[in-house]
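Heads up: the structure comes next, in structure tokens.
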Amino acid sequence: MIGARVVQKVSSTRGFAKVAPHVIPALDRAVHRITRGKVLLSAQMLPGVILTSTGARSGLPRRTPLACMPEDDGRTWILIGSNFGREGHPAWTANLLAHPDAEVSWKGADLPVTATLLTGEERAAVWRTALAFWPPYATYQARIEREIRLFRIVRR
């Protein structure tokens, strides 16, 4: 899996953290729209969803393409607020804290979900799994002072 290692190495760089947040979500939204929700470009490397949450301040729907970590039962996913290792929590995490009921587009299906911020031992266990799933998360965390938020989203 040399391809995966190269992508992981590139995605751990500061340059990637500067460029990716502006390019990847825009490409993901466009491909998702064109394919009627069946394809996410970034999901060719990591599983992904389009999260539709309610804006914490605006109250308006916000669509955000995100990598996710599906859990074994197929009814839950972990969302990781890494923000590509940049300072500041991503806006979608504040949206879920304010309005935990949301929707995800997963493999072409729109599913209602509820999000829960993980804390304590539960967060620690999931974080270990996330690092095994995508090792660059360790680099992202080392680069910043904030604790990366982890959410479990569950189908309603």
Original post:
Whole-Hz Karplus ³J(HN,Hα) for the range 64-76, in order, using 6.51 cos²θ - 1.76 cosθ + 1.60 and θ = phi - 60°, x for Gly and Pro?
Top reply: 9, x, 9, 6, 9, 10, x, 9, 3, 7, x, 10, 9
**OP:** Using θ = phi - 60° and the Karplus relation 6.51 cos²θ - 1.76 cosθ + 1.60, list the HN-Hα couplings for the range 145-150 in order, rounded to whole Hz, with x at every Gly or Pro.
**Re:** 8, 6, 7, 5, 6, 10
Original post:
Given the Cα-Cα distance of Leu97 and Leu131 and 0.36 nm per residue of separation, how much length would full extension add, in nm?
Top reply: 9.9 nm
Subject >> Å² of accessible area per residue within the range 64-156, as computed with a 1.4 Å probe and no ligands counted >> reply: 47 Å²
**OP:** Could you pull out every residue, at least 5 positions away or on a different chain, whose amide H is within less than 5 Å of the one on Ala56? Hs are placed 1.01 Å off N in the peptide plane, and Pro or chain starts have none.
**Re:** Asn95
Original post:
If R0 is 22 Å, what FRET efficiency do you get for Arg62 and Arg33 from their C-beta distance, rounded to 0.05?
Top reply: 0.90
Original post:
If you rank Thr129, Thr76 by how much accessible surface each has, with a 1.4 Å probe, what is the order from largest down?
Top reply: Thr129, Thr76
Original post:
From the backbone phi of the range 109-122, what are the Karplus-calculated ³J(HN,Hα) couplings (6.51 cos²θ - 1.76 cosθ + 1.60, θ = phi - 60°) in whole Hz, Gly and Pro given as x?
Top reply: 9, 8, 10, x, 9, 10, 9, 10, 6, 8, 9, x, 5, 4
**OP:** Using only protein heavy atoms and a 1.4 Å probe, report how much of Arg29 is accessible, in Å² to the nearest 10.
**Re:** 100 Å²
Subject >> Shape call, the range 74-156: gyration tensor on alpha carbons, a/c limit 1.5 >> reply: prolate
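The values are calculated or read from the model by the stated rules, or taken from the named source; none is laboratory data. Please read these numbers as outputs of a predicted model, since none were measured by experiment. Using ideal geometry, Cβ is built from the backbone for each residue, glycine included, and neighbour counts are taken over all protein chains shown. Protein only, heavy atoms only, side chains kept; ligands, DNA and RNA dropped before computing areas. Shrake-Rupley method; radii C 1.70, N 1.55, O 1.52, S 1.80 Å.
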